[in-house]
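Q: After the structure tokens below, expect a handful of questions from me.
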Amino acid sequence: MASYVCLVHYHEVGLKGKNRSVFENQLVANLRHAVRGMPVEGVRRISGRILVPVADDAALPAVVGALRQVPGVARVSTAIRCERDPEAYAAAAVRVLGEAGEFESFKVHAHKAHTDYPVHTLDINREVGAVLCEAFPDKAVRMHHPDVTVYVLVVEGFAYVYAASVPGVGGLPVGTAGKVVSLLSSGIDSPVASWQIGKRGAVVVGLHFSGRPMTADTSEWLTRDICDALAPAGVIGRLYVVPFGECQREISLKAPQNLRVIMYRRLMFRVAEELARIEGAKALVTGESVGQVASQTLDNMAATNDAVTIPILRPLSGTDKKDIIEVAESLGTFEISSQTAPDCCTLFMPRRPETHARIDEVRAGWDTFDHERMVEDLLASIEYVDFAQCPSYRPPRRFRARHDELAPANEGA
């Protein structure tokens, strides 16, 4: 009996060598988590693809929508699974072509993943093509660049017939590239940077510096909303919140005025580096783009890097603002980030920030306040919110104080 299934296709994972199974298994685990609670009958690998049988046809759009958001997925096809019988898969082909929408031309592409089925793929193409020509006499067969391609995949005792596919996000499965700490603000850039790194297989731990107690906590709520928007993809494991306002005030009173922003960022990086050590993360991530604002010149980036030894990833460093905004809109974070919120980025700003800092002057300014004591104090005041949608995240033993206001009672522990 024919039934609908989802076939998940991957590209970059399929290019892996001897460790390909590691990536495939992680992708299967992430997909299972993405469709938990939905009427699906398991998620498993079948010959270069992942099969997701759906128990309720009405749930197909929701299942496809959840699957396509998972990093590592190149595209998702809605297929009919039927017996390996020419009449069965030809009838399924008529059905899927009829559901393909408007078209003028088509072709059939058959593939066998096993050799135990005696019919050759060329014969499958001819047989199914003949049935389709009879069912759709006003449509043309075109071997190159047809409007619709009907695929007939014969594998593991069944035939899978499909024509409709939707693109996924691509990349690699989250959990295959280790863990990173991302300096996550409520602005436009850092959520996109976090997403880009998550799409390369990293588990992202967000770190938000709030202007509290010198400002309201609005930016914390917006950052939480941003994490919720990214959560279906499973890239965000945890969001840490650090009240940063008091340290900024102290720095503003002691450090050279033109170097305040660099001092703020150096302290942020030091806290992030210590958090990365606790979390077992291998790198920091920022949303910086070269030359976008005063603190993001190459000289100032070098002055900030000087405070830490951990690698710093800047996936947006050569990206135009317009392109960043387009990605943010597709992720659903742009409207959230466009809301005005007082945060640490606007607190105690100098009138004329340094744009080409000299490293010797920066180091001298760094020693005008007790930055190591500040790192300890900030780590002691840290709060967090967990996101259950990231199955690959493993929390450290340290830190037991959830951000109770941002975290519903049934989240985390």
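Q: In the range 102-131, how many are in contact with a strand residue (DSSP E or B) (Cβ under 6 Å, 6 or more places away or on another chain) and hydrophobic (A, V, I, L, M, F, W, C)?
A: Looking only at that region, the number is 7.
Q: Next question, about the same structure. Does residue 308 qualify as being of a type outside the set (Gly, Ala, Ser), in a loop (DSSP other than H, G, I, E, B) and over 25 Å from the mean Cα position of the chain (by Cα)?
A: Here the answer is yes, as residue 308 does meet what is asked.
Q: With respect to residue 363, determine if the residue is part of a helix (DSSP H, G or I), charged (D, E, K, R) and closer than 24 Å to residue 399 by Cα. Lay out the reasoning, then the answer.
A: Values: part of a helix (DSSP H, G or I): yes; charged (D, E, K, R): yes; closer than 24 Å to residue 399 by Cα: no.
Taking the combined requirement at face value, the residue does not satisfy it.
Q: Can you confirm whether the range 47-69 contains a residue that is surrounded by 16 or more Cβ atoms within 10 Å (Cβ to Cβ), modelled with pLDDT of 95 or more, among the β-branched types (Val, Ile, Thr) and over 27 Å from residue 231 (Cβ atoms)?
A: no
Q: Okay, next question. Filter the range 154-170 down to residues that are in contact with a strand residue (DSSP E or B) (Cβ under 9 Å, 6 or more places away or on another chain) and among the β-branched types (Val, Ile, Thr) and give me whichever is nearest to residue 98 (Cα to Cα).
A: Across the range 154-170, the extreme among qualifying residues is 161.
Quick grid of which residues meet (1) of a type in the set (S, T, N, Q); (2) more than 39 Å from the chain's Cα centre (by Cα):
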site	(1), (2)
104	no, no
109	no, no
114	no, no
121	yes, no
129	no, yes
135	no, yes
139	no, yes
143	no, no
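Q: What helices (runs of 4 or more DSSP H) completely inside the range 183-268 contain at least 3 residues that are closer than 24 Å to residue 316 by Cα and at pLDDT 90 or above? Give the derivation first.
A: On the way: elements: 189-198, 218-230, 245-254.
Because the criterion is at least 3 residues that are closer than 24 Å to residue 316 by Cα and at pLDDT 90 or above, the helices (runs of 4 or more DSSP H) in the range 183-268 that meet it are 189-198, 218-230.
Q: Do the conditions hold for residue 174, that is, is it buried (at least 24 other Cβ atoms within 10 Å of the Cβ), in a strand (DSSP E or B) and at pLDDT 95 or above?
A: Values: buried (at least 24 other Cβ atoms within 10 Å of the Cβ): yes; in a strand (DSSP E or B): no; at pLDDT 95 or above: yes.
Against the criterion (buried (at least 24 other Cβ atoms within 10 Å of the Cβ), in a strand (DSSP E or B) and at pLDDT 95 or above), residue 174 does not qualify.
Q: Additional query: Give me a count of the residues in the range 269-291 that are part of a helix (DSSP H, G or I) and either closer than 22 Å to residue 351 by Cβ or among the charged types (D, E, K, R) (or both). Before you say what the answer is, go through the steps one by one.
A: Taking the range 269-291 as the starting set, the residues that turn out to be part of a helix (DSSP H, G or I) are 269-279.
Still in the list and also either closer than 22 Å to residue 351 by Cβ or among the charged types (D, E, K, R) (or both): 270, 273-274, 277, 279.
Of the residues in that region, 5 qualify.
The values are calculated or read from the model by the stated rules, or taken from the named source; none is laboratory data. Nothing here was measured: the structure is a model prediction, and the numbers come from that model. Using ideal geometry, Cβ is built from the backbone for each residue, glycine included, and neighbour counts are taken over all protein chains shown.
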